[in-house]
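Contents: one structure, followed by commentary.
The values are calculated or read from the model by the stated rules, or taken from the named source; none is laboratory data. Because the structure is a prediction, the values reported are computed rather than measured. Cβ placement follows ideal geometry from the backbone for every residue including glycine, while neighbour counts extend to all protein chains displayed. Note: accessible area is taken over every heavy atom of the protein model, side chains too, but ligands, DNA and RNA are not part of it. Shrake-Rupley method; radii C 1.70, N 1.55, O 1.52, S 1.80 Å.
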Amino acid sequence: QMWEEAIALGKELAEQYENEMFDYEQLSELLRKQAQFYENIVKVIRPKPDYFAVGYYGQGFPTFIRNKVFIYRGKEYERREDFEARLLTQFPNAEKMKTTSPPGDDIKNSSGQYIQCFTVKPKLDLPSKFHRPVSEQIVSFYRVNEVQRFEYSRPVRKGEKNPDNEFANMWIERTIYVTAYKLPGILRWFEVKSVFMVEISPLENAIETMQLTNDKINNMVQQHLNDPNLPINPLSMLLNGIVDPAVMGGFTNYEKAFFTEKYMHEHPEDHDKIEKLKDLIAWQIPFLAEGIRIHGEKVTEALRPFHERMEACFRHLKDKVEKQYGVRAVLSSLDDRRGSRPRSMVRSFTMPSSSRPLSVASVSSISSDSTPSRPGSDGFVLEPLLPKKMHSRSQDKLDKDDLDKDKKEKKKEKRNSKHQEIFDKEIKSTDISLQQSEAVILSETISPLRPQRPKSQVINIISSERRFSVSPSPPSSQVTPPPITPRTKLSFSIQSNLELNGMSSSDIADIPPPLPLKGSMADYGNLMESQDLISPTTSPPAHQRVSP
């Protein structure tokens, strides 16, 4: 179950498969295994083996272990008693020592065999890549693996014994063992190469104990948030032992021992440490609150009275701590742990306007000339209006654009149908005799990137020469864009021997009466007569005319 080591070896193999052997089949299989290993690291709970310090003292042992200390890695769920029994079977004549202090020279130089065995705690040594807080499931591997430093703490009393509070004069004598290699390695035991000892004061011991308690609560809360199916009994015992003063006394003993005027007067150098201890006490409240909330959601009806008592004790504890040491909050970190996926993984992208594809009309206009051109000029290929390609945008923007588009389409259809009716009515009311029956068929494609056509632009019909021109009308009160000057090559196809709107040439008058201008939006159906502003263009000869 050392998946972290398997992943490291898999990366070496992946480099060979990908860049040396080019065996993509083996590479894909290896990557699938690595994915499963990463998932196991997060989801599978692995047992944490214990480590034991074993000293072989006396001249009766072989020279390679005589008067030396070794650190052993126990098996899964192996207790110290079971490990000692397994060890003594190898040396049936050895005597087990009762103390954990180093023996004297009399034992080391004796002809017998003495074995000393006690449990040591591995000291966490995180790799440098973990430069920020990470999940406890990831860190837990390094608490019992890839470790080289181990410690053993033994309580020592100094000064007068205080029957009311044993924490006031309890010092810790801590021995640090450093092995020759990291455990586990090719062996499950390595020799200790160096040993040194440090003393921990009662106040430093209290700070360390509070920090470990807070970490334990936080880790258990995180485990229950990640896996709701975990049993509730360990959480119940942990919370009850802290919030119920009748069980362990809580941090009240620390207040009696260190938060007094007498202690502060005798140890002025410990002021910063006392403030740190107060801060740790205040930080314990939000962790407990989250743990009790989870406990209330998962508790059974049989344990409901137990939970209610625990809630009552916590309320009294919370009021007292917040009043004396302030309020702390860790809601943001806990909420992040609850979420199945970070919010930053859900994003919406929009394509910049410069990279969006242009319509057919715009591409043709840009490619033919640097200045904007109108449909129908320079042999422009008239095509039906293409639908715009919608790019990735938010749903609100899409809905708004669709609504605006529908409104514009309905308004355009209504306007065109009304102008067509007026056009048909005015044509039918006249009697025009033409020398040659000609029908004018116009089609146009509006480019989405072309500037809006001015309201004053109209189409004039010159009956004498049958020529068309685009003339701007006098400017209105509204601010309109400048008129577009027609290009010299502007021309339209005129078909002969055709009927216009189902009428023959005998029904059409010479000069049609002018149509009234609309007061609202100008349209291409508005027709007026203007003899002052005429920019005629020559129609193509008959043999060059092409049917649309």
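Summary table
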item	result
Cα coordinate range in the range 51-200, projected on the principal axes (Å, largest first)	53, 49, 27
Entries in Lys48/Lys256; Lys98/Lys256; Lys129/Lys318; Lys182/Lys216 that, when Cα-Cα distance is taken, lie over 32 Å	Lys48/Lys256; Lys98/Lys256; Lys129/Lys318
Length released on extending from Glu151 to Ile186, taking residue separation times 0.36 nm less the Cα-Cα span	10.4 nm
Neighbourhood charge, 12 Å Cβ-Cβ cut-off, centred on His316 and excluding it, Lys, Arg +1 and Asp, Glu -1	+1
Cleavage-rule hits, chymotrypsin sites (Phe, Trp or Tyr not before Pro), the range 93-200, DSSP coil, Cβ neighbours within 10 Å at most 12	Phe130
Three-way shape call for the range 55-124 based on the alpha-carbon gyration tensor, with the a/c threshold at 1.5	prolate
For the range 3-43, projected area of the alpha-carbon convex hull averaged over all directions, nm²	2.4 nm²
The range 3-43, dipole about Cα centre (Lys/Arg Cβ +1, Asp/Glu Cβ -1), debye to the nearest 20	260 debye
Interchain or long-range residues, amide H under 5 Å from Gln113's placed H	Glu95
Computed label-point distance, nm, for sites Asn19 and Lys408 using a 7 Å Cα→Cβ extension	5.3 nm
Contour minus Cα-Cα distance for Gln26 and Lys256 (0.36 nm per residue)	76.2 nm
Additional length obtainable on full extension of the chain from Glu301 to Asp82, 0.36 nm per residue less Cα span	74.9 nm
Size descriptor, Kirkwood hydrodynamic radius, that averages inverse alpha-carbon separations across the range 207-325, Å	15.4 Å
Using a Förster distance of 25 Å, the FRET efficiency for Leu230-Lys68 (Cβ separation, nearest 0.05)	0.05
Mean separation of Cα contacts under 8 Å (6+ apart) over length of the range 207-325, as relative contact order %	37 percent
Carbon/sulfur fraction of accessible area - the range 122-248, other protein chains in place, 1.4 Å, %	54 percent
Label-point gap, in nm, between Ala282 and Leu124 - each point 7 angstrom along Cα→Cβ	2.4 nm
Computed label-point distance, nm, for sites Ile7 and Glu160 using a 7 Å Cα→Cβ extension	5.7 nm
FRET efficiency, Asp272 to Val198 (Cβ-Cβ, R0 22 Å, nearest 0.05)	0.70
Solvent-accessible area per residue, Å², over the range 207-325 with all protein chains present [probe radius 1.4 Å]	55 Å²
Pairs from Lys108/Lys193; Lys75/Lys158; Lys121/Lys320 whose Cα-Cα separation, in the structure shown, is over 26 Å	Lys75/Lys158; Lys121/Lys320
